[in-house]
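The values are calculated or read from the model by the stated rules, or taken from the named source; none is laboratory data. What you see is a predicted model; the values in this text were computed from it and never measured. All Cβ positions, glycine included, derive from the backbone under ideal geometry; neighbour counts span all protein chains shown. We work out accessible area using only protein heavy atoms, side chains counted, and drop any ligands, DNA or RNA first. Shrake-Rupley method; radii C 1.70, N 1.55, O 1.52, S 1.80 Å.
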Amino acid sequence: MGKYTDYVMKTAQDLLAVPSPSGFTHMAADFVKKEFEKLGYEPQITQKGAVLVKLGGKDDENAVVLAAHMDTLGGMVCQIMDNGHLKLTNIGGMNPNNAEAENCKVYTKSGKVYDATFQLENASVHVNGEYSDTKRTYETMEAILDEPVKNKEDVKKLGIMTGDFVCFDPRTVVTESGYIKSRFLDDKFSTAILLGYAKYLKEKEIQTERTIYVLITSYEEVGHGGCAAIPDGVTEMISVDMGCVGKGLECDETMVSICAKDSMGPYDYQVVSGLIKAAQENDIAFAVDVYPHYGSDVDAALKAGYDMKHGLIGPGVYASHGYERSHRDGAKNTLKLLKAYLG
């Protein structure tokens, strides 16, 4: 799967460059839709802003949905201060500790975009004697515009207002040793993996036994991405999201992770067992783990009332919701597991 892994790595870098916090995913949706069209598919954008595409297959009544999400963490302007600085509210689990001193952009409703930096209030160490002791929260931090603004009125003249989205720099780096480091690998890396799997099926002219759909959702980070747009005839849904890497877990960045249980409870026994068997029989580097603080698109779909089996896999990703790291082998092993499990 080396050729398709190369495609995944390139596509992931391109997609990571497209800003898309939850609720502001239209540019990413357009990117993903066009990429599927380049591969020869006929994707559609749902009313909710997700991308849904049928990859083909023989059995429409026993179909499977592969779900990834293109939405990311981010911020939103919630107050313009008297000094012209911006207070933010988080989009999803954007942790202010991880975002300190990060470059960002403010997207206005008129289409203008302004550069800024997310900093602690009074961020000069030579001035602020409490710098080291101050807890980093959205109350103590602010976005400082790279514009000559002195007060609230100056900011408003730029067209900036409450409700404008703030998108953080992903800082994507790919190393010679195969690691990819970036904000928002969760879950743009897996979105690129599903595009790679679609490319593989198309170029190899493979007609899988079961019909396969791909759903790239737009609100996963706020909990309701997978609640809608599941086609008729679907009996199984697999979230292809980041695999957790951390203390007490077996997975690393080069593996594909198979989740047995997350914060919502256990995944379907038959699906998990089938994924493990496929990995074992095809010499795929994998780990089975329990994620203590995690929810997925398939969890949201079950909450919405869909009656189907469910599973969760994905490439190992370290430092989740921070400056994340994975590896091309994690992508390759995820592709290999999709191929082994589905065809």
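Summary of values
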{"quantity": "Extreme residue, least open to solvent (accessible area, probe 1.4 Å), among residues of the range 199-225 that are within 17 Å of residue 58 (Cβ to Cβ) and of a type in the set (Lys, Arg)", "calculated": "210"}
{"quantity": "Selected residue (criterion: farthest from residue 226 (Cα to Cα)) from residues of the range 12-58 that are open to solvent by 20 Å² or more (accessible area, probe 1.4 Å) and of a type in the set (S, T, N, Q)", "calculated": "13"}
{"quantity": "Wholly within the range 1-87, strands (runs of 3 or more DSSP E) carrying at least 3 residues that are within 30 Å of residue 284 (Cβ to Cβ) and not small (Gly, Ala, Ser)", "calculated": "51-56, 59-69"}
{"quantity": "Tally of residues being touching an Asp or Glu at 6+ places or on another chain (Cβ under 7 Å) and closer than 18 Å to residue 303 by Cα across the range 188-232", "calculated": "7"}
{"quantity": "Filter result for the condition that a residue is at pLDDT 95 or above and touching a Lys or Arg at 6+ places or on another chain (Cβ under 9 Å), over 283, 307, 241", "calculated": "283"}
{"quantity": "Strands (runs of 3 or more DSSP E) (entirely within the range 226-343) containing at least 3 residues that are open to solvent by less than 10 Å² (accessible area, probe 1.4 Å)", "calculated": "234-240, 256-262, 309-318"}
{"quantity": "Counted residues, the range 196-255 - those being among the aliphatic types (A, V, I, L, M) and under 20 Å from residue 7 (Cα atoms)", "calculated": "9"}
{"quantity": "Those residues of the range 119-154 which are more than 31 Å from the chain's Cα centre (by Cα) and either assigned to a strand (DSSP E or B) or not charged (D, E, K, R) (or both), in sequence order", "calculated": "122, 124, 125, 126, 127, 128, 129, 131, 132, 148, 149, 151"}
{"quantity": "Residue check for residue 71: acidic (Asp, Glu) and within 24 Å of the chain's Cα centre (by Cα)", "calculated": "yes"}
{"quantity": "The range 13-45, residues that are out of contact with any helix residue (DSSP H, G or I) (no Cβ under 9 Å at 6 or more places or on another chain) and of a type in the set (S, T, N, Q)", "calculated": "25"}
{"quantity": "Condition met for residue 169 (of a type in the set (Asp, Glu) and closer than 30 Å to residue 314 by Cα)", "calculated": "yes"}
{"quantity": "Residue tally, condition out of contact with any Pro (no Cβ under 7 Å at 6 or more places or on another chain) and either on the phi > 0 side of the Ramachandran plot or assigned to a strand (DSSP E or B) (or both), over the range 209-225", "calculated": "8"}
